[in-house]
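Just below is one structure, and these are the notes that go with it.
The values are calculated or read from the model by the stated rules, or taken from the named source; none is laboratory data. Just so it is clear, the model here is predicted, and its values are computed rather than measured. Heads up, the Cβs are rebuilt from the backbone with ideal geometry, glycines too, and the neighbour counts pull from every protein chain shown. Note: accessible area is taken over every heavy atom of the protein model, side chains too, but ligands, DNA and RNA are not part of it. Shrake-Rupley method; radii C 1.70, N 1.55, O 1.52, S 1.80 Å.
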Amino acid sequence: MRAGKVKLAARPLQFIGPDSVRAAKVAAGADRQGRLWPFLEAFYARQGQENTGYVTDAFLTDVANASGVNAQAALGQAGSSFASGRLNRANADAQRLGIQATPTLTVRRGNGPEQVLAADALDPAAVSTALDKELA
């Protein structure tokens with residue numbers, strides 16, 4: 001692949017349970033600070049068992065601090081229309097594309113339609129091969 005050919009964007013989904021809803025709303029606050037990717041990296045490095053209530057304000061503050069995010073501001077965004085708008089758009093996109101698991105990668109050429117990338121999102125070699133095929 002050549003530099004500049006692919007733009008990577010994250011759209012946190014929150015369909016697993018209450019922990020994923022709270023995490024996605026605070027991630028929107030991190031995104032508003034331009035720190036979504038570091039926040040997600042720190043979050044997944046500390047992720048607990050799904051639906052156990054581990055996504056507390058203390059946990060999210062730890063994640064925010066580890067990722068260079070202003071924790072108070074990110075937590076404050078959780079109830080905002082900005083966070084709700086981001087989550088609603090991500091949900092609508094996932095529904096439109098039939099996405100039911102994370103991570104899922106999508107691809108769009110230029111202004112064409114977005115489609116699910118046929119690759120194991122956790123296998124970098126498979127993603128690279130699928131992207132090369134799409135860009136050919």
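Among the protein heavy atoms, those of residue 117 account for about 10 Å² of accessible surface (1.4 Å probe, every chain in place). Each helix, a run of at least 4 DSSP H residues, gives -39500 (n - 2.57); summed and divided by the residues of the chain, these come to -16500 deg cm²/dmol at 222 nm.
Helices meeting the span-like rule in the chain (full DSSP H runs, Cα extent of at least 20 Å along the helix axis, mean Kyte-Doolittle score of -0.5 or higher): 18-32. Each Lys and Arg contributes +1 and each Asp and Glu -1, all at the Cβ; summed about the Cα centre of the chain, the dipole is approximately 540 debye.
Selection among 65, 84, 39 by position relative to the dipole of segment 15-113 gives 84 as farthest towards the positive end (Cβ unit charges, Cα centre).
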